[in-house]
Amino acid sequence: MTLSRALAILVACTGAAAPAMAHFQQIIPGADVLPDGGAVTLDLVFTHPVEMGPVMDMARPAALGVMTGGATTDLSEMLVDAARDGAQAWQVTHELDEPDAAVFFVTPQPYWEPAEGKFIVHHAKVIVDSFASGEGWDAMAGLPVEIAPLTRPTGLWAGNAFRGVVMQDGAPVPFAEIEVEFVNDGSVTPPNDAFITQVIKADATGAFSYTMPFAGWWGFAALLEGAETLTAPDGTEAPVEEGALIWVHATDPATAR
């Protein structure tokens, strides 16, 4: 176990002060493309993906839905418990029976992070392309903070660049900072803590680009300060970090040979 992971576990268990770690709200489907349509299951986990934990308890989401063909379907009643490493996590399954991109999104309950003295709300989304349609992938879910994809976020090879625009209240956010992590299956060991969370900045138009070096699920989280505060456990007013998060899958070309 790395020192940084041990510190993160200490914070999660005791609330003691420690260096800030990158929290990512995962919404990971079984596949990014369904060539024949059908059911897709998504796992909702709040964790540190590269370090493979710790998993934080995720309260029942404030909102969960999917947008297809311009219509939004509420999926909150379809949630089932799916504990991960002893912490609360969730799972949802949805049937995709028409050719189109399905934009799944989740807004969790505010999470109090004592080490950073703030609440965290990551508005996360992922796109699943039903019947490999190649359509509708740039549709926006209408989240308060959201990443608009400039690259189709499905059917990507490892080594492809993903491009997007950070949006807040419908407007681009110049020079927004974006944290990048991948869901580690244990096959990658970062040489040191500097490799755990990649950090990039958007340009003056809010646009950014990142080349995914290897296969897997990659999360892009633009962290922005919310307009409102919430009451912390000690009764003081605390800021809210609103994250615009999108998940993108990169496929190893060797698997297609």
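At-a-glance table
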| quantity | calculated |
| --- | --- |
| Residue selected from segment 122-141 under the condition within 15 Å of the chain's Cα centre (by Cα) and surrounded by 21 or more Cβ atoms within 10 Å (Cβ to Cβ), by the criterion farthest from LEU223 (Cα to Cα) | VAL128 |
| Strands (runs of 3 or more DSSP E) fully within segment 15-85 counting 2 or more residues that are surrounded by fewer than 21 Cβ atoms within 10 Å (Cβ to Cβ) and at negative phi | 38-47, 63-68, 71-74 |
| Selected residue [of a type in the set (A, V, I, L, M, F, W, C) and farther than 22 Å from PRO174 by Cα] from VAL188, VAL199, VAL240 | VAL188 |
| Any pair with Cβ under 9 angstrom, 6 or more apart, that starts in segment 163-177 at a residue that is basic (Lys, Arg) and ends at one that is surrounded by fewer than 20 Cβ atoms within 10 Å (Cβ to Cβ) | ARG163/LEU150; ARG163/THR151; ARG163/ALA207; ARG163/SER209; ARG163/TYR210 |
| Some residue of segment 169-182 being within 23 Å of ALA158 (Cβ to Cβ) and in contact with a Lys or Arg (Cβ under 6 Å, 6 or more places away or on another chain) | no |
| Test for VAL199: is it farther than 17 Å from LEU150 by Cα, out of contact with any Cys (no Cβ under 9 Å at 6 or more places or on another chain), at pLDDT 95 or above and β-branched (Val, Ile, Thr) | yes |
| Matching entry among GLY235, GLY216 (being on the phi > 0 side of the Ramachandran plot and buried (at least 16 other Cβ atoms within 10 Å of the Cβ)) | GLY216 |
| Boolean, MET167 is out of contact with any Phe, Trp or Tyr (no Cβ under 9 Å at 6 or more places or on another chain), assigned to a loop (DSSP other than H, G, I, E, B) and within 28 Å of VAL33 (Cα to Cα) | no |
| Residue count, segment 181-212 (criterion: surrounded by 12 or more Cβ atoms within 10 Å (Cβ to Cβ) and either touching a Leu at 6+ places or on another chain (Cβ under 6 Å) or aromatic (Phe, Trp, Tyr) (or both)) | 3 |
| ALA194 farther than 28 Å from ASP32 by Cα and in contact with a Pro (Cβ under 6 Å, 6 or more places away or on another chain) | no |
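The values are calculated or read from the model by the stated rules, or taken from the named source; none is laboratory data. Note that the structure is predicted; figures quoted are calculated from it, not measured. As a convention, Cβ positions derive from the backbone with ideal geometry for all residues, glycine included, and neighbour counts pool all protein chains shown.
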